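Here is the structure we will look at.
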Amino acid sequence: MNTEVAPRGTTEIRAQVGPQEKFLSCNADVAFYGGSAGGG
């Protein structure tokens, strides 16, 4: 778990643990990702 605190007035967006992290770590040229509840 990352316990670092972002400076005040900033927003940090990162992947959720699990499938999103795996998707972002993929080194393929093209990748598709979809949720189990369907596309948004």
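The values are calculated or read from the model by the stated rules, or taken from the named source; none is laboratory data. A quick note: this is a predicted structure, and the numbers were derived from the prediction, not measured. Every residue, glycine as well, gets a Cβ built from its backbone with ideal geometry; the counts of neighbours run over all protein chains shown. Each accessible area value is taken on the protein alone, full model and side chains, heavy atoms only, with ligands, DNA and RNA left out. Shrake-Rupley method; radii C 1.70, N 1.55, O 1.52, S 1.80 Å.
Against the conditions (1) open to solvent by less than 90 Å² (accessible area, probe 1.4 Å); (2) of a type in the set (A, V, I, L, M, F, W, C); (3) modelled with pLDDT of 85 or more, PHE32 satisfies every one except (1). Within region 3-29, the residues that satisfy the criterion of being open to solvent by less than 100 Å² (accessible area, probe 1.4 Å), in a loop (DSSP other than H, G, I, E, B) and either out of contact with any Asp or Glu (no Cβ under 9 Å at 6 or more places or on another chain) or at pLDDT 85 or above (or both) are PRO7, GLY9, THR10, ALA15, GLY18, SER25, CYS26, ALA28.
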